[in-house]
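The values are calculated or read from the model by the stated rules, or taken from the named source; none is laboratory data. Treat the numbers as computed from the prediction; the structure is a model and nothing was measured. Reconstructed Cβ throughout: ideal geometry from the backbone, glycine too, with neighbour counts over all protein chains shown.
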Amino acid sequence: MSSGSQFVVAAYAVILFALVMYMVIVAMKSARIGREVELLTRIIERNRPDDTADADGQDVPPPVKVVDE
């Protein structure tokens, strides 16, 4: 193998290594974002008020019907 072809093989190896490292970083970032979305979803579901509670979490009495006479 000539020295020129060795440099080409080394250049391809460096590019391949950089590409694999980029893919690992993107996969790790994607997994982290997925975990954060799941956590935020659980927090929102836990803090969502029921139909019978107002924004402060206090029970709301049923509406009073007014009868016109």
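Among the residues of region 8-51, which ones are surrounded by 10 or more Cβ atoms within 10 Å (Cβ to Cβ) and not in a helix (DSSP H, G or I)?
Pro49
For region 28-68, name all the residues that are of a type in the set (Ser, Thr, Tyr) and at pLDDT 85 or above. Write out each step before concluding.
Restricting attention to region 28-68, the residues satisfying the condition of being of a type in the set (Ser, Thr, Tyr) are 30, 41, 52.
Listed by number, the residues that qualify are Ser30, Thr41.
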